[in-house]
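> One structure is given below, represented as structure tokens, and several questions about it will come after.
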Amino acid sequence: MKEALSLVQRISAHPDSRCWFVSWSPNGALLASCGGDKAIRIWGREGDAWVCKTVLQDGHQRTVRKVAWSPCGNYLASASFDATTCIWKKKNDDFESLTVLEGHENEVKCVAWAPSGNLLATCSRDKSVWVWEVDEDEEYECVTVLNAHTQDVKHVAWHPKKELLASASYDNNICIYKEEDDDWECQATLQGHTSTVWSLCFDAAGERMASCSDDRTVKIWKEYPSEDGQGNLSWKCVCTLSGYHGRTVYDVAWCQLTGALATACGDDAVRVFKEDATASPDEPVFSLVAQATRAHSQDANCVSWNPKEAGLLASCSDNGEISQPLDRDEAVRLGVSDDHPPALLTFLQQLQISTHQSCLENGRNAPEDEAYSGTDLREEWCDDWTRHLFLSLELHLDQNWTAAEKIYGN
Amino acid sequence: MEIVSSLLSSAIEKIFQLSGLNRNGMNTKPMEEKALDVYDVIRSIRDPEKPNTLEELEVVTEKCVEIQELSEDEFLIIIKFSPTVPHCSLATLIGLCIQVKLQRCLPFKHKLEIYISEGTHSTEEDINKQINDKERIAAAMENPNLREIVEQCVAEPDD
């Protein structure tokens, strides 16, 4: 059954510049976005709409590339091209700059909090990954500098259950780091992608990891006990999703609630994949269940699942917008992309409502979704009232053709 | 309900079909013209080191621009340029200038890929990867010195 991604709201978050990243707060109530305008914006829901609650303007001198919420939700970390990472503390509805972490030689590409809340990781174009420790006095100290990559490190992510860190790089590799005898070291280097790995994420249990790349694929990695008998784990690529993405895949996000995988791609689309429950865990099969091919008018840079509300996804783009497509296993979906003229959309929505009502009035339940493909429906009709519906729809359209033409002609 | 929504999808397609004439009328500029539009934008970019344009130095030529249609209103532009000297930093700089100028000046929706023509440079692959990494480009353009050079190269000639 194909689901659909329908748009909840489109926000012009960073006008005249790029929106690089969006991140939900741990309680799902706030969305932080950051971009080329050097600002961070915090969005919250007021009624049905999402509004900007705060703007953090003067924290950085250059593009803010990523933001990350601490697990408790009281702190926000921002990584910037100005080579610093800023830690913000939440005070009621506002944020105050607590401290600035310096040390990287050039652009900081990512920041991530460990689930324990005591550790922070940052990575940079200077090829290094730094791990910072924070104590109860809110003091941050760098505990290690890891140089496992040979090029720009694009992304870091923590394992949800263990103190394990993963990093993705321009050198096409993924590195896994672990603390061994008080010292952090690179435990494994995962090769497989044939170009820059832009992002990676773990599933809810931490057994698997998804990575996405400039090579237009998404790879799923699974952890296995290593053969060396030393109790170490090794990661193997168990699945590669290729042929779905037209251009570089910039971000991948694994929903902790539903297990769905979302991707943001340079072909302007946002896609959602689900795992087939019947496949073996060593050879998982993921199928595309929903896509918004024109989610944005430019490259989609980031996708983020709301941690509390299943199916709510935020994505952001080079055109400075954030959009929240909603993916639900629910009733009627229009299959109309949101860049049709608004008047046409309303017209069709009205039509949809009235046909739904006549189903109810006729005391009929809608036929359960039959598998159907193609647009020639006549062979697939299962009963008379469906045909009647279609004919009256055609008639309605023919009669209203001039009206529709006027709408569409704009 | 799936069938009802499918009916609506086919109804929409019918609308599109019927108005197909209108829609196609708007975008029928042939590809060759579009390629020339692109070339017109990049030909006047100045070389970072010499007082000549990329066209004069034959770094770019009409043939180096290729256009593919991605969808009805979006095109993929592929440019292959030949730097005059096998100097790493200059080649990246030229690629950067081409990127920036096209991003600013092209009127139609596009995706861009810029490459060094095969065989013209020793570290082609490295340079190609850098030029096509939009994050690297964005960061480079925030470097004031680099930005200054690029701005001078892409500035419209005052005539």
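The values are calculated or read from the model by the stated rules, or taken from the named source; none is laboratory data. Treat the numbers as computed from the prediction; the structure is a model and nothing was measured. Cβ sites come from the backbone with ideal geometry, for glycine too, and all protein chains shown count toward neighbours.
> Could you tell me which of the residues B:GLU156, B:GLU118 is part of a loop (DSSP other than H, G, I, E, B), away from chain A (no Cβ under 14 Å) and within 21 Å of A:ASP214 (Cβ to Cβ)?
Working: B:GLU156 fails: within 21 Å of A:ASP214 (Cβ to Cβ).
Being part of a loop (DSSP other than H, G, I, E, B), away from chain A (no Cβ under 14 Å) and within 21 Å of A:ASP214 (Cβ to Cβ) holds for just one of B:GLU156, B:GLU118, which is B:GLU118.
> Among A:ARG45, A:ARG62, which is basic (Lys, Arg), assigned to a strand (DSSP E or B) and either farther than 27 Å from A:LEU119 by Cβ or over 21 Å from the mean Cα position of the chain (by Cα) (or both)?
On the way: A:ARG62 fails: assigned to a strand (DSSP E or B).
Of A:ARG45, A:ARG62, the one residue that is basic (Lys, Arg), assigned to a strand (DSSP E or B) and either farther than 27 Å from A:LEU119 by Cβ or over 21 Å from the mean Cα position of the chain (by Cα) (or both) is A:ARG45.
> For segment B:65-95, which positions are over 11 Å from the mean Cα position of the chain (by Cα) and in a helix (DSSP H, G or I)? Walk me through it before giving the result.
Within segment B:65-95, the first condition is being over 11 Å from the mean Cα position of the chain (by Cα), and the residues that meet it are B:68-74, B:81-94.
B:CYS88, B:SER89, B:LEU90, B:ALA91, B:THR92, B:LEU93, B:ILE94, listed by residue number.
> Looking only at residues in segment A:7-37 that are closer than 18 Å to B:GLU135 by Cα and in a loop (DSSP other than H, G, I, E, B), which one is modelled with the lowest pLDDT?
Within segment A:7-37, the subset closer than 18 Å to B:GLU135 by Cα is A:14, A:16-22, A:33-37.
Still in the list and also in a loop (DSSP other than H, G, I, E, B): A:14, A:16-18, A:36-37.
Values: A:HIS14: 87, A:ASP16: 82, A:SER17: 87, A:ARG18: 90, A:GLY36: 93, A:ASP37: 93.
The residue in question is A:ASP16.
Every residue, every condition in (1) basic (Lys, Arg); (2) away from every other protein chain (no Cβ under 14 Å); (3) closer than 13 Å to A:LEU5 by Cβ, yes or no:
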{"site": "A:VAL270", "(1), (2), (3)": "no, yes, yes"}
{"site": "A:ALA277", "(1), (2), (3)": "no, yes, no"}
{"site": "A:ASP282", "(1), (2), (3)": "no, yes, no"}
{"site": "A:CYS302", "(1), (2), (3)": "no, no, no"}
{"site": "A:LEU313", "(1), (2), (3)": "no, yes, yes"}
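> Further, regarding this structure: Can you tell me which residue in segment A:45-98 is nearest to A:GLU138 (Cα to Cα), limited to those that are within 14 Å of chain B (Cβ to nearest Cβ) and of a type in the set (Val, Ile, Thr)?
Restricting attention to segment A:45-98, the residues satisfying the condition of being within 14 Å of chain B (Cβ to nearest Cβ) are A:60-66, A:79-84.
Among the residues that remain, those that are also of a type in the set (Val, Ile, Thr) are: A:63-64, A:84.
Numbers: A:THR63: 25, A:VAL64: 22, A:THR84: 17 Å.
Filtering segment A:45-98 for residues that are within 14 Å of chain B (Cβ to nearest Cβ) and of a type in the set (Val, Ile, Thr), the one nearest to A:GLU138 (Cα to Cα) comes out as A:THR84.
> If a residue has to be among the hydrophobic types (A, V, I, L, M, F, W, C) and either part of a loop (DSSP other than H, G, I, E, B) or in contact with an Asp or Glu (Cβ under 6 Å, 6 or more places away or on another chain) (or both) to count, how many in segment A:78-97 make the cut? Don't jump to the end; show me each part of the working.
At the first step, the residues of segment A:78-97 found to be among the hydrophobic types (A, V, I, L, M, F, W, C) are A:79, A:81, A:83, A:86-88, A:95.
With either part of a loop (DSSP other than H, G, I, E, B) or in contact with an Asp or Glu (Cβ under 6 Å, 6 or more places away or on another chain) (or both) added as a condition, the list becomes A:81, A:83.
The total comes to 2.
> If B:SER89 satisfies all but one of (1) farther than 26 Å from B:GLU32 by Cβ; (2) away from chain A (no Cβ under 13 Å); (3) crowded, with 19+ Cβ neighbours inside 10 Å, what's the number of the condition it fails?
Checking B:SER89 against (1) farther than 26 Å from B:GLU32 by Cβ; (2) away from chain A (no Cβ under 13 Å); (3) crowded, with 19+ Cβ neighbours inside 10 Å, the one that fails is (3).
> Before we move on, is A:SER195 part of a strand (DSSP E or B), of a type in the set (Ser, Thr, Tyr) and closer than 14 Å to A:VAL153 by Cα?
No; evaluated as a whole, the condition is false for this residue.
> Quick one: in segment B:121-153, which of the residues that are assigned to a loop (DSSP other than H, G, I, E, B), crowded, with 16+ Cβ neighbours inside 10 Å and without any contact (Cβ under 8 Å) to a residue 12 or more places away in the chain is nearest to the other protein chains (Cβ to nearest Cβ)? Can you show your working first?
Let us first name the residues in segment B:121-153 that are assigned to a loop (DSSP other than H, G, I, E, B), namely B:121-123, B:132-133, B:141-143.
Now drop any that are not crowded, with 16+ Cβ neighbours inside 10 Å, which leaves B:121, B:132-133, B:141-142.
Remaining after also requiring without any contact (Cβ under 8 Å) to a residue 12 or more places away in the chain: B:133, B:142.
Details: B:ASP133: 7, B:GLU142: 5 Å.
Only one residue tops the list, namely B:GLU142.
> Something else: Hey, B:LEU8 hits all of (1) within 14 Å of another protein chain (Cβ to nearest Cβ); (2) at pLDDT below 55 but one; which does it fall short on?
(2)
> Moving to a separate point now. Any residue at all in segment A:152-171 that's in contact (Cβ under 8 Å) with a residue 40 or more places away in the chain, over 24 Å from the mean Cα position of the chain (by Cα) and more than 14 Å from every other protein chain (Cβ to nearest Cβ)?
No, because not a single residue in segment A:152-171 is in contact (Cβ under 8 Å) with a residue 40 or more places away in the chain, over 24 Å from the mean Cα position of the chain (by Cα) and more than 14 Å from every other protein chain (Cβ to nearest Cβ).
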